[in-house]
Amino acid sequence: MCPGCPHATHGSGRASAGCRAVAEELHFGRAARRLHIEQSPLSRTIRQMEADLGVPLLNRLPRSVRLTPAGQVFLEEARRVLLAFEQAQTKARAAANQRNTLRIALSGDMGHHAVPLPG
């Protein structure tokens, strides 16, 4: 799903954190410290992601990195996907807790109310 993720687990929460950390820190060492992991595996997984995609996502400089245009687009899309995934998790958890609730929505300034159902 994003740079920094292990090849076999694209889309995992840990992989998502790696993606965001490198892209936001623009430095492998700081990103690795932020994630409490070693720099070398993080760098390897990003190189693997670039190889899988067939495009460079980062320009590697002596003391930092910069996102390539492809990397910037990829980061923006990955953030959208990650946000949607987090929202789906939240909604699923909320739905599991609302089995015995009837929601009634009213228009205007009335708002909405939850009425517990017997059961």
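The values are calculated or read from the model by the stated rules, or taken from the named source; none is laboratory data. These numbers were taken from a predicted model, which means no experiment stands behind them. We place every Cβ from the backbone using ideal geometry, glycine too, and count neighbours over all the protein chains shown. Ligands, DNA and RNA are excluded from the accessible area calculation, which covers all protein heavy atoms including side chains. Shrake-Rupley method; radii C 1.70, N 1.55, O 1.52, S 1.80 Å.
Radius of gyration over Kirkwood radius for region 26-102, both on Cα atoms: the Rg/Rh ratio is 1.18. Expressed as a whole percent, the accessible area of region 11-84 that falls on carbon and sulfur atoms is 54 (1.4 Å probe).
For region 15-66, the convex hull spanned by the alpha carbon atoms encloses 69 Å³ per residue. Peptide packing for 77-83, 87-93 was compared via the average number of neighbouring C-beta atoms within 10 Å per residue; ordered from the highest value, the list is 77-83, 87-93. Model label sites at Arg47 and Lys91, defined 7 Å from Cα along the beta-carbon direction, differ in position by 4.0 nm. Using the Cβ-Cβ distance between Thr68 and Gln98 with R0 set to 35 Å, the FRET efficiency works out to roughly 0.20.
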